1. Please express the Cα-Cα pair-distance distribution P(r) of the range 6-97 as a list of whole percents, one per 5 Å bin, running from 0 to the bin with the greatest distance.
2. Listing 24, 7, 48 from the residue with the fewest other Cβ atoms within 10 Å to the one with the most, what is the order?
3. 5 Å is the cut-off here: which amide hydrogens, built 1.01 Å from N in the peptide plane, fall below it relative to residue 101, excluding neighbours closer than 5 in sequence?
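Quick note: the coordinates plus some simple rules give every number you see, no bench work behind them. Note that this is a predicted model, so its numbers are computed, not measured. Cβ placement follows ideal geometry from the backbone for every residue including glycine, while neighbour counts extend to all protein chains displayed.
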Amino acid sequence: MDSGVQIVTGERGRTLSLAGELDIRAGEELLRAFREFLQSSPAKEIEIQELDLTEVESCDAAVLQLFCSAAATARTAGRALEFVNVSENVLQTAAALGLALPGGGGNGAI
């Protein structure tokens, strides 16, 4: 992928893993991935979906906004999108911008 983004969906569609340097240039690709991921399973089958950010090397404000928007979309659909294994770089960028990502505590979640 041109942006250096790697999107891997788990076998049940429950976890979406992102990797690489995420910035505004990856926006359309991320938006498509979020749509597919959030629509991948009927809401009654999966109430919580995870976004794994372990391998994210960096991100900018536009990507953090996409993360928050994806969480809001999931809530509207009756689901929860949890941010798990948030990399230190993402934590630092979010903190510098005064942003918080929804997520279930532990291991780097904001």
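1. 3, 14, 28, 27, 18, 8, 2, 0
2. Ranked by crowding around the Cβ, least crowded first: 48, 24, 7.
3. Excluding prolines and chain starts, which carry no amide H, the hits are 110.
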